[in-house]
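Let me begin by presenting the structure, written as structure tokens, before commenting on it.
The values are calculated or read from the model by the stated rules, or taken from the named source; none is laboratory data. Since the model is a prediction, treat every value here as computed from it, not as a measurement. Cβ sites come from the backbone with ideal geometry, for glycine too, and all protein chains shown count toward neighbours.
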Amino acid sequence: MKTMNQIHLAAALLLALSGTALGQVGCDGAGLKLPDGFCATVFAENLGRARHLAVSARGDVYVALRQPVHDSGIASRVIAGIKDMFGLREPVHGGGGIAALRDTNADGRADVVRYFGDVAGSGIAIYDGHLYFGTVTKVVRWSLAGDALVPVGDPQVVVSGMPVQHQHSARSLVINPQGDLFINIGAPSNSCQKQDRQTGSPGIDPCPLLRLHGGIWRFSAEKTGQVFDAAHRYATGIRNAVAMDWNAPMDHLYVIQHGRDDLHRLWPELYTPEQNANLPAEEFLRVDQGDHFGWPYCYYDPFKDKKLLAPEYGGDGSEVGRCARFEDPVLAFPAHWAPNGLLFYYRAAFPNAYSGGAFIAFHGSWNRAPFPEQGYKVVFVAFEDGMPADGDWRVFADGFAGKSFPANTEYRPVGLARDHDGALYVSDDVQGRIWRITYE
């Protein structure tokens with residue numbers, strides 16, 4: 001039988017190591033700056049490199065991990081061991097590419113954390129009682145039948161044969177109500193040069209990468225054993241669309257493209273360092289079957305409000321050329337902010353102004369030097385009739401980069417999800433934190 005001194009010691013160790021007392025989690029903002037009336041709390045942390053999120057009907061949160069977790073660190077193991085000793089939580093699984101989180105006492109914080117799956121990934125979604133997970137080469141699914149947090153048995157392979165690549169390999173995915181499975185296949189290149197990212201190297205014309213990369217592919221979420229090929233391509237000319245979501249009222253797919261890099265370094269005679277920091281825009285795209293959005297031949301200049309011919313294909317920073325025939329974005333965001341998460345919000349838990357609008361998580365830049373890096377925030381875009389309502393966006397959540405930025409970036413937002421109560425979840429892939437944002 002455990003003595004009272006043992007219990008007091010365990011509680012003290014928990015508080016010292018985790019910095020959080022047991023019980024109801026208060027609203028201290030969790031380091032984030034939010035509009036008046038909103039509350040951010042830490043739902044979970046130290047999970048591993050957390051990417052996209054999915055929330056089940058019962059409120060369990062599933063987190064795709066960029067790297068499989070096999071050792072959660074000494075502090076985390078000590079905390080877990082103490083909690084297990086006193087029956088305060090279930091033990092952590094030995095490893096996996098997905099973290100499964102459950103809040104059993106409705107205090108707004110996950111008290112059960114389990115890992116499963118052997119391979120890392122980025123895309124994750126729930127559809128018709130199944131959990132879908134996108135790795136570099138395939139999409140698999142598990143059944144979520146019953147009350148189990150972790151699915152039982154081996155997953156089924158939904159799509160296999162996706163190309164192995166060392167750039168832009170995050171397989172984001174989204175499933176619409178009709179059961180269409182959309183997968184991002186990023187281009188393993190900056191701008192399809194003959195010598196990738198080499199100064200003055202021309203682009204390959206036509207770009208052969210567009211056959212099996214640089215676009216969105218569509219499959220059926222209800223079938224297994226499908227094989228990736230060019231025939232399933234849905235839209236093309238998209239360099240890399242990590243942020244994806246389905247706008248249900250509009251019955252349309254929307255994605256946000258990561259724009260190209262290195263205009264000044266590769267073409268110093270055409271672009272200044274300042275232009276390199278501010279070009280091109282990150283493009284918010286409304287996607288229809290057969291659309292072509294112009295990569296690698298074109299980029300979007302938000303200051304000139306049009307697509308311009310890329311220097312690899314003869315552009316000089318002002319020529320439009322063939323780019324006049326490609327699709328334009330519905331909205332442009334600042335260059336190099338790295339949009340990684342997109343979520344259309346339909347719950348009544350937030351004020352009416354947020355209904356039907358889009359939240360976007362920006363991972364943060366790296367290609368603005370010598371100018372300050374930017375991004376590291378979640379923004380909101382109001383929508384009306386399938387388009388941004390006022391042609392603009394506003395910051396919703398800030399403070400992810402931390403007080404020591406730019407010397408050190410504390411958190412970088414990636415995934416977005418909502419639960420059936422309307423709470424908004426945001427993931428971070430630096431320290432593996434998940435925030436839960438509610439409206440008071």
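Scanning the range 393-419 for residues being surrounded by fewer than 13 Cβ atoms within 10 Å (Cβ to Cβ) and either at pLDDT 95 or above or hydroxyl-bearing (Ser, Thr, Tyr) (or both) gives a total of 2. Residues in the range 424-440 that are of a type outside the set (D, E, K, R), under 26 Å from Ala338 (Cβ atoms) and either out of contact with any Gly (no Cβ under 8 Å at 6 or more places or on another chain) or surrounded by fewer than 20 Cβ atoms within 10 Å (Cβ to Cβ) (or both): Leu424, Val430, Gln431, Ile434, Trp435, Ile437. Residue-level check: of (1) out of contact with any Lys or Arg (no Cβ under 8 Å at 6 or more places or on another chain); (2) surrounded by 15 or more Cβ atoms within 10 Å (Cβ to Cβ); (3) at pLDDT below 90, His52 misses just (3).
Take the conditions closer than 20 Å to Val63 by Cβ and either touching a Pro at 6+ places or on another chain (Cβ under 9 Å) or exposed (fewer than 14 other Cβ atoms within 10 Å of the Cβ) (or both) and apply them to Ser191. Does it pass? Against the criterion (closer than 20 Å to Val63 by Cβ and either touching a Pro at 6+ places or on another chain (Cβ under 9 Å) or exposed (fewer than 14 other Cβ atoms within 10 Å of the Cβ) (or both)), Ser191 does not qualify.
Among the strands (runs of 3 or more DSSP E) confined to the range 239-306, the ones with at least 2 residues that are at pLDDT 95 or above and over 18 Å from the mean Cα position of the chain (by Cα) are located at 298-301. The number of residues in the range 214-238 being outside any strand (DSSP E or B) and either small (Gly, Ala, Ser) or within 18 Å of Tyr299 (Cα to Cα) (or both) comes to 7.
Entry remark, the range 249-278: residues being aliphatic (A, V, I, L, M) and closer than 22 Å to Val414 by Cα number 4 in total.
Of the residues that make up the range 125-133, is at least one more than 23 Å from Asp251 (Cβ to Cβ) and either crowded, with 21+ Cβ neighbours inside 10 Å or out of contact with any strand residue (DSSP E or B) (no Cβ under 6 Å at 6 or more places or on another chain) (or both)?
Yes: the range 125-133 contains one or more residues that are more than 23 Å from Asp251 (Cβ to Cβ) and either crowded, with 21+ Cβ neighbours inside 10 Å or out of contact with any strand residue (DSSP E or B) (no Cβ under 6 Å at 6 or more places or on another chain) (or both).
From Val157, Val140, Val119, Val152, which residue is under 21 Å from Gly48 (Cβ atoms) and surrounded by fewer than 18 Cβ atoms within 10 Å (Cβ to Cβ)?
Details: Val157 fails: under 21 Å from Gly48 (Cβ atoms); Val140 fails: surrounded by fewer than 18 Cβ atoms within 10 Å (Cβ to Cβ); Val152 fails: under 21 Å from Gly48 (Cβ atoms).
Matching residue, one of Val157, Val140, Val119, Val152: Val119.
With respect to Phe362, determine if the residue is within 28 Å of Pro202 (Cβ to Cβ), crowded, with 22+ Cβ neighbours inside 10 Å and not charged (D, E, K, R). So Phe362 fails the test. Remark: Leu343 falls outside the filter, which requires a residue to be free of Cβ contacts under 8 Å to residues at least 24 places away in the same chain and crowded, with 19+ Cβ neighbours inside 10 Å. Which of the residues belonging to the range 234-250 are free of Cβ contacts under 8 Å to residues at least 60 places away in the same chain and either more than 30 Å from Gly375 (Cβ to Cβ) or touching a helix residue (DSSP H, G or I) at 6+ places or on another chain (Cβ under 8 Å) (or both)? Passing the criteria: only Thr236.
Yes/no per residue for (1) in contact with a Gly (Cβ under 6 Å, 6 or more places away or on another chain); (2) on the phi > 0 side of the Ramachandran plot:
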{"position": "Leu144", "(1), (2)": "yes, no"}
{"position": "Pro151", "(1), (2)": "no, no"}
{"position": "Gly161", "(1), (2)": "no, yes"}
{"position": "His166", "(1), (2)": "no, no"}
{"position": "Val174", "(1), (2)": "no, no"}
{"position": "Ala187", "(1), (2)": "yes, no"}
{"position": "Gln195", "(1), (2)": "no, no"}
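What about Val174, is it under 22 Å from the mean Cα position of the chain (by Cα), β-branched (Val, Ile, Thr), under 15 Å from Tyr132 (Cβ atoms) and modelled with pLDDT of 95 or more? Yes: the conditions hold for Val174.
For the range 307-345, the tally of residues that are outside any loop (DSSP other than H, G, I, E, B) and either among the β-branched types (Val, Ile, Thr) or over 30 Å from Ser427 (Cβ atoms) (or both) stands at 11. Gly203 satisfies every condition listed in (1) more than 15 Å from Ile124 (Cα to Cα); (2) at pLDDT 95 or above; (3) out of contact with any Pro (no Cβ under 7 Å at 6 or more places or on another chain) except (3).
Candidates in the range 408-422 are the residues that are among the charged types (D, E, K, R) and in a loop (DSSP other than H, G, I, E, B); of these, the one that is nearest to Arg51 (Cα to Cα) is Arg412.
Being in contact with a Gly (Cβ under 6 Å, 6 or more places away or on another chain) and on the phi > 0 side of the Ramachandran plot is the requirement here; does Gly314 meet it? So Gly314 does not fit the description; no. Only residues that are small (Gly, Ala, Ser), in contact with a Lys or Arg (Cβ under 7 Å, 6 or more places away or on another chain) and outside any loop (DSSP other than H, G, I, E, B) were counted in the range 155-213, giving 1. When every residue of the range 404-416 is checked against the conditions, at least one turns out to be of a type in the set (Gly, Ala, Ser) and farther than 17 Å from Glu45 by Cβ. The set of residues in the range 221-265 being of a type in the set (A, V, I, L, M, F, W, C), surrounded by fewer than 22 Cβ atoms within 10 Å (Cβ to Cβ) and closer than 24 Å to Gly364 by Cα consists of Trp246 alone.
So that you can scan it fast, the table gives a plain yes or no per residue for (1) modelled with pLDDT under 75; (2) out of contact with any Lys or Arg (no Cβ under 8 Å at 6 or more places or on another chain); (3) over 29 Å from Phe405 (Cα atoms):
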| site | (1), (2), (3) |
| --- | --- |
| Leu9 | yes, yes, yes |
| Val25 | yes, no, no |
| Asn46 | no, no, no |
| Ser56 | no, yes, yes |
| Leu65 | no, no, no |
| Gly73 | yes, yes, no |
| Ala80 | yes, no, yes |
